[in-house]
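The values are calculated or read from the model by the stated rules, or taken from the named source; none is laboratory data. These figures come from a predicted structure and were not determined experimentally. Just so you know, the surface numbers come from the protein's heavy atoms only, side chains and all, with ligands and any DNA or RNA stripped out. Shrake-Rupley method; radii C 1.70, N 1.55, O 1.52, S 1.80 Å.
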Amino acid sequence: MNAIVDPAKLPGVWRAGEVDRAVPAGIASGHARLDRELPGGGWPRASLIEILHDGAGLGEVSLLFGALRTVAEEGRAVAWINPPHLPYAPALACAGVPLDACLVVRPASAEDALWSADQTLRSGACGAALFWLPEKTDYAWLRRLQMAAESGRTLAVLFRPASASMIATPAHLRVLVTSQDGQLLVSLPKRRGPPLLRPIAIRLTGRPARNGDGFRRIGDRFGSSTGGTEPVSILSARVSV
């Protein structure tokens, strides 16, 4: 007589009402409350993550600083592909992310942006890749990026407008970020388990002030007399991986 197998105990299968705890350990975010809600206890590697937000600069990138620091400590690079603004060097320094671990890619076209993201993920040359793609990137391309992240076992994060939450995605994890009263409100409309629709409030710390002595000291450290955004590294076309 064949033994009865509980499907929920098979790899890759979990009950819809429970968070999948059988996934490989993720990279700790640095926010304990958030880590408790993320399958794997942190940001997953080898999975496409979508961070949905309205308006650049509300702290959506800062949410990843803990993971980027871990990637850099592993001796791996962090690729920034087509960011809307230059990475803010003082904030990276405050978070312990070394600037020489960062590569900024400025693709010449939307096609090049997709190509750069795909190749960066697929090669495994970088420990993390953050990318901003054309708004109308279709499902097939997102599926390709999901598979590339699996292949390269890279922390893969796509930033998209919050309106994209109404569009189907192959990403394993979706994060919706808003801000209120100086805090980030983070919900998880898609994860391996039931969605987390009641937001978690996270107060980011360690961000440099935009005025005052602390800001100037950090700016001077990186050779900026104004403390403005300084490029970390810029590749004018496709990144070599």
Amide H to amide H under 5 Å from Gly41: which residues, 5+ apart in sequence or cross-chain, H placed 1.01 Å off N in plane?
-> Gly26
From the backbone phi of the stretch 115-124, what are the Karplus-calculated ³J(HN,Hα) couplings (6.51 cos²θ - 1.76 cosθ + 1.60, θ = phi - 60°) in whole Hz, Gly and Pro given as x?
-> 4, 5, 5, 4, 5, 5, 5, 5, 6, x
Residues whose built amide H sits under 5 Å from the amide H of Ile51, excluding neighbours closer than 5 in sequence, are Leu158, Phe159, Arg160, Val175
What residues qualify as long-range amide H neighbours of Val19, i.e. H under 5 Å apart, gap of 5 or more or another chain, H built at 1.01 Å from N?
-> none
How much accessible area per residue does the stretch 78-142 have, in Å², with a 1.4 Å probe?
-> 38
